Amino acid sequence: MATDPYDWIEQSLATIHRADWYRSVKTIHGLPGATVQLEGREVINFASNDYLGLAGDDRLIQAAIAATKEFGTGSTGSRLLSGHRELHRELESAIASLKQTESALVFSSGYLANLGAITAIVGKRDLILSDQYNHSSLKNGAILSGATVIDYPHCDVETLKSQLEKQRLRYRRCLILTDSVFSMDGDLCPLPTLVELAEQFSCMLLVDEAHATGVLGATGAGCVEHFGCTKHQLIEVGTLSKALGSLGGYVAGSTALIDFLRNRATSWIYTTALTPADTAAALSAINILQQEPERRQQVWRNVDYLRQLIAQQLPNLKLLPSESPILCFQLESAAEALSVAQQLKKSGIFAPAIRPPTVPTSRIRISIMATHELAHIERLVEAMSYIN
Ligand SMILES: *Cc1c(COP(=O)(O)O)cnc(C)c1O
């Protein structure tokens, strides 16, 4: 056996290059915000999940510094051993109060929150029904759980219902999985119908609020609040790393669910607790988002302004359906998406090309922030009009 067992890696990379699927990192300098330093020049940032502009906010920075000085850089252990601090409890009650749930549990990331929650609550004898466009963490959590997984077409509640009619009785437990704001499209799940179906067929419903928390709903609680579903028993997952400007994830739900996850979610039990800095920054973000609803309102005003300019100046642009601050311009191919992203970058606009395998069709993805100025949005539309 003289062949190099690692040869396939180079070949696989070559295939990725040929398909225009190759990805690499881009270095950002300085503080995050509506404008950032990208590869040595200032660009307007439409690539960030920092919807409320909090990741560079001095109050979060000061909270992180103060927590680090008081409690150190590392939490030194898992929550059940030496890593649990009063700060974690404070953050978890702030999340539960924001989400209007009985309880909440913070994980090291949103990805780990999904893996932990899904694998803890279903197994081999159970069924998962999952939206085809769900985030990678929901899909991989489903696979890892060992449950039977059936994907339903994107937001297709008719197919979901007929699958439930056919399959539900053959399984012990059933879990429906959905993003609330679909991260690469910006549309919303049909939550009220999903809640109804879950109740009718005795299914658990896990809603991933990663892109909705802080942005949607009267108090910024997310899509569940937006649709008036806070009274229903749900499993709400989310992240501290998007509108909350920090790092970490959470599950919010009933006291019993959270208590169970503390005992059974392996991605929570066997990993180090969130750092004091991340915990304090997220806690500060929740306070700000509750005290300054004008930030959330500004996100929506900016979205409306962009839509209005597009309608007036770029009527031929193919906008994917969206009800969030994520707006996508559909393009023919990965190569075209890359070229448009390049041209935008030359005009001082940072808006990424999103390509397969992340999404089925290539696109430019725009994220609107509260801290974008009207002039930033005008510059984006102007740059797009040169390309069109
Ligand atoms: C970003 C995202 C996650 C992962 O959250 P992290 O905290 O970044 O790991 C999970 N689900 C969805 C829908 C996301 O958009």
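The values are calculated or read from the model by the stated rules, or taken from the named source; none is laboratory data. Since the structure is predicted, the reported quantities are computational estimates derived from the model, not experimental observations. FYI the Cβ positions are ideal-geometry reconstructions off the backbone, even for glycines, and counts take in every protein chain you see.
Residue-wise test of (1) β-branched (Val, Ile, Thr); (2) in contact with a strand residue (DSSP E or B) (Cβ under 9 Å, 6 or more places away or on another chain); (3) outside the structural domain of Thr219 (by TED's automatic domain parsing).
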residue: Gln298; (1), (2), (3): no, no, yes
residue: Tyr305; (1), (2), (3): no, no, yes
residue: Ile326; (1), (2), (3): yes, yes, yes
residue: Arg363; (1), (2), (3): no, yes, yes
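Of all residues in the stretch 1-53, which are of a type in the set (S, T, N, Q) and more than 30 Å from Thr219 (Cβ to Cβ)?
Start the filter on the stretch 1-53 by keeping residues that are of a type in the set (S, T, N, Q), which leaves 3, 11-12, 15, 24, 27, 35, 37, 45, 48-49.
Result: Thr3, Gln11, Ser12, Thr15, Ser24, Thr27, Gln37.
In the set Ser246, Ser241, which member is more than 15 Å from Glu209 (Cα to Cα), within 15 Å of the ligand (Cβ to nearest atom) and assigned to a loop (DSSP other than H, G, I, E, B)?
Working: Ser241 fails: more than 15 Å from Glu209 (Cα to Cα).
Being more than 15 Å from Glu209 (Cα to Cα), within 15 Å of the ligand (Cβ to nearest atom) and assigned to a loop (DSSP other than H, G, I, E, B) holds for just one of Ser246, Ser241, which is Ser246.
Could you list, in sequence order, the residues of the stretch 350-368 that are out of contact with any helix residue (DSSP H, G or I) (no Cβ under 7 Å at 6 or more places or on another chain), assigned to a loop (DSSP other than H, G, I, E, B) and closer than 22 Å to Leu216 by Cβ?
Within the stretch 350-368, just Val359 meets the criteria.
May I ask you to list the residues in the stretch 248-295 that are charged (D, E, K, R), over 24 Å from His232 (Cα atoms) and exposed (fewer than 15 other Cβ atoms within 10 Å of the Cβ)?
We begin by selecting, within the stretch 248-295, every residue charged (D, E, K, R); these are 259, 262, 264, 278, 292, 294-295.
Those left that are additionally over 24 Å from His232 (Cα atoms): 278, 292, 294-295.
Scanning the stretch 248-295 gives a single hit, Glu294.
Which one of the conditions (1) farther than 30 Å from Ala64 by Cα; (2) modelled with pLDDT of 95 or more does Tyr270 fail to meet, given that it meets all the rest?
The number of the failed condition is (1).
It is to be established whether one or more residues within the stretch 6-26 are in the same structural domain as Gly228 (by TED's automatic domain parsing), in contact with a Phe, Trp or Tyr (Cβ under 9 Å, 6 or more places away or on another chain), surrounded by fewer than 20 Cβ atoms within 10 Å (Cβ to Cβ) and closer than 30 Å to Ser145 by Cβ.
No, the conditions are met nowhere in the stretch 6-26.
Yes/no matrix, rows are residues, columns are (1) within 16 Å of the ligand (Cβ to nearest atom); (2) of a type in the set (Val, Ile, Thr):
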residue	(1), (2)
Thr68	no, yes
Gly74	no, no
Ile95	yes, yes
Ala113	yes, no
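Would you mind stating whether Leu257 is at negative phi, part of a helix (DSSP H, G or I) and not polar (S, T, N, Q)? If you could, list the steps in order and put the result at the bottom.
Details: at negative phi: yes; part of a helix (DSSP H, G or I): yes; not polar (S, T, N, Q): yes.
Judged against the criteria, Leu257 is a match.
Scan (1) among the charged types (D, E, K, R); (2) crowded, with 19+ Cβ neighbours inside 10 Å; (3) outside any loop (DSSP other than H, G, I, E, B) for the single condition Glu90 breaks and write down its number.
Failing condition for Glu90: (2).
Does Ile118 count as in a helix (DSSP H, G or I), among the β-branched types (Val, Ile, Thr) and either within 16 Å of the ligand (Cβ to nearest atom) or surrounded by 15 or more Cβ atoms within 10 Å (Cβ to Cβ) (or both)?
When the stated conditions are applied, Ile118 passes them.
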